[in-house]
Amino acid sequence: MKIEEISFYEMANFTPKQLEADKLLDKYKYFLYGGAKGGGKSRWERWELLKLLLKAFNLGFTNVKAGLFCEDYPTLLDRQVNKIEAEFPRWLGRLGGDKINGLAFKLHPEYGGGALLLRNLDDPSKYDSAEFAFIGVDELTKNKEQVFTQLRTILRWPGMDWVKFIAGTNPGGVGHSWVKKHFIDKTYSPNETEKDQFGFLQVKVGDNPYNSPAYIQQLNSIADERLRKAYRDGNWDTFEGQYFGEWDSAVHVIPYFGMPFGRKYLCMDYGWTAPTAVYWACINGDKQRIHYKELYKTKMTPATVAKEIIAMTNCKEEMRDIEGMFCDPSMWTSKAGEDSVANIIKEEFAKANFSVKLIPANNDRIAGALKMREGLKPYIGHNGKMTANMLFTDNCIEAKRTIPNLVFLKRNPEDWDTTGEDHSGDAVKYGLTFDSRSKVTAKELQEANYGSRDLVSAGANW
C-alpha cells in the first residue's frame with residue numbers, strides 16, 4: 001500500500017473541532033489545543049504527530065523523529081502508550097522499544113521509517129543533545145516554563161523549516177500562568193522573536209461528540225461554578241487548584257483613572273533573575289486598597305530599582321502621600337563584602353531627596369495570604385455593583401495575570417506554590433503590613449531606623 005493511497009483522515013476520524021485545530025496548525029509553529037476535560041486533546045496530539053511524520057515522508061524526509069512527552073512515565077503509559085497500541089494500525093508501524101529509539105511507534109520503511117518517540121519530562125535536561133522535527137507535550141500546564149524553553153532548543157531538523165510544537169492541556173497546574181501568557185493572552189518578553197508563531201484553539205466538552213450525555217451531565221452538576229466553567233468550558237480564568245478562587249477580573253480589575261486620592265504606600269518583592277515587582281497602592285475613603293501602578297522587570301540592580309521607582313513617582317503630591325515602602329525583611333541582610341539591598345535603595349532615595357522610608361514587612365506567608373483572600377472577597381458596593389477591598393487598575397498587567405494563576409502548594413494546602421510566578425503576589429502581600437502599623441509605636445519605628453515620620457497613624461485597619 002502506497003502512502004498516497006492512505007486516507008489519513010479516515011484513520012484519525014477527527015471531530016470537527018480537531019479538524020479545525022489541524023487546519024490552524026498550518027499557520028503556527030507553536031500551537032495549543034486546550035480547554036475542557038473530555039475535549040479529545042490527547043487523542044488529537046498523537047494523531048497529529050503521526051500525520052506530521054507522514055507529511056514529512058511525502059516531502060522526501062525519511063527517518064524523521066517526533067517526540068510525544070508527558071510529565072512522568074505512569075502518565076505517559078496511561079494517557080498515550082496504551083492508546084497508541086490500540087489505535088494506530090499495525091500495517092503502518094510498530095510500537096515497541098529498541099536501542100536506537102527507546103520506546104516509540106516506528107513507521108515501517110515503506111512509509112519513511114519515521115518514529116514517534118514516547119518520553120517523560122522528569123528531567124528535561126537529558127534531551128539536551130537530541131533533536132526532534134515535531135514535539136508534542138500532553139498537559140503542558142503540568143510543567144514550568146523552563147521545560148518549554150528547553151524543548152524549544154531541540155525543536156530542529158536538517159533541511160526542514162516547518163518544525164512544529166503542539167500541546168494539549170486543561171487549565172490549571174503549576175504552568176497555568178506562563179501557558180496562558182504565551183498562548184491565550186499573547187503577552188511576551190521583549191526578547192521573544194516568534195510572537196506571531198503562537199496559536200490557540202479552545203475546546204469545550206460539547207466539542208467532543210464521543211462524550212456521553214451522562215458525562216456532560218456529570219460536569220454540569222459540579223456545584224462550584226468556577227470549577228464547572230473550567231472543567232466543562234475550558235475557562236482559563238478559573239481552574240482546579242487555583243489559590244485565589246475569589247478572583248474575578250470583572251470585579252478586581254478596574255480602569256486606570258490616574259493617581260487616586262488617599263493614603264498611599266509602596267510594596268516590593270525584589271529579584272534579579274526572577275522579576276522585581278513593585279506596586280503603588282492607595283487606601284481610599286471606602287477602605288479599599290487600589291493598586292494603581294506597577295514596575296515588573298528582571299535583572300535590575302537595587303540602585304536601578306530605586307531610580308525606576310523615583311522616575312515613576314512623578315509628582316510631589318504623590319511622593320508626599322506615600323507613607324512607606326514595605327519589603328521582604330531579607331532585603332536587610334548583607335552578604336559577605338556587600339551592602340544590603342535595602343541600604344543601597346535607601347542611599348539612592350536619599351540622593352534624590354525621595355523621602356519614602358523602607359519598612360520590613362511581615363513575611364508570614366500564610367497570614368498574608370489569608371488577608372489577601374479577605375481583601376479579594378467580592379461584595380455589593382454603594383452603586384449596587386460587585387466590588388472588593390483589594391483592586392487593581394488595568395495597567396497592572398502582571399498582577400492581573402499572575403495573582404489569579406497562583407496554585408495551592410500540594411504539601412501545604414494553606415500556602416501557594418512558590419515555584420509558580422508569585423512575585424506580584426508576594427509584593428502585594430508585603431503591602432498588607434501597612435494596616436498593622438497601629439500596633440507599632442512611633443518610638444519603636446524610630447529605634448528600628450524607619451525614620452521619625454508618623455507611620456502609626458497610617459496603620460488604621462481597613
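Coordinate-derived values only; no laboratory data. Please read all numbers here as calculations on a predicted model, not as lab measurements. We place every Cβ from the backbone using ideal geometry, glycine too, and count neighbours over all the protein chains shown.
Brief remarks on what is shown
- Extension gain for I216-E317 works out to 30.7 nm (0.36 nm per residue, less the C-alpha to C-alpha distance).
- Neighbourhood net charge (9 Å Cβ-Cβ; Lys/Arg +1, Asp/Glu -1) for E71: -3
- Total charge dipole magnitude, the chain, about the Cα centre, Cβ charges on Lys, Arg, Asp, Glu only, Debye to nearest 20: 260
- Label-to-label distance, nm, for residues given as L77 and K335 (7 Å Cα→Cβ offset): 4.4
- Placing dummy labels 7 Å off each Cα toward the beta-carbon, the span from Y256 to K23 is 3.9 nm.
- Other residues whose C-beta falls under 12 angstrom from the C-beta of I184 contribute a net charge of +2, scoring Lys and Arg +1 and Asp and Glu -1.
- Under Karplus coefficients 6.51, -1.76 and 1.60, residue-wise ³J(HN,Hα) of region 409-422 in Hz, glycine/proline x: 7, 4, 7, 8, x, 8, 10, 9, 6, 6, 7, x, 8, 10
- Trypsin sites (Lys or Arg not before Pro) restricted to DSSP loop in region 124-175 with at most 13 other C-beta within 10 Å: R156
- Environment charge of A306, counting only residues whose C-beta is closer than 11 Å and scoring Lys/Arg +1, Asp/Glu -1: 0
- Among the chymotrypsin sites (Phe, Trp or Tyr not before Pro) within region 1-102, those in coil by DSSP and having at most 12 neighbouring Cβ atoms inside 10 Å are W91.
- Averaging the sequence gap over all C-alpha pairs within less than 8 Å and six or more residues apart, then dividing by the number of residues, gives region 3-233 a relative contact order of 29 percent.
- The GluC sites (Glu not before Pro) of region 153-248 that DSSP puts in a loop, and whose beta carbon has at most 14 other beta carbons within 10 Å, are E192, E194.
- Among [x] 23.3; [y] 24.7; [z] 31.2, the entry that matches Kirkwood radius over Cα pairs in Å as calculated here: [y]
- Taken along the Cα-to-beta-carbon direction at a fixed 7 Å, the label points for S7 and R411 span 5.5 nm.
- Estimated FRET transfer efficiency (E87, E192; beta-carbon r; R0 41 Å; 0.05): 0.70
- Measuring max minus min along each principal axis, the C-alpha atoms of region 249-459 give extents of 52, 41, 32 Å (largest first).
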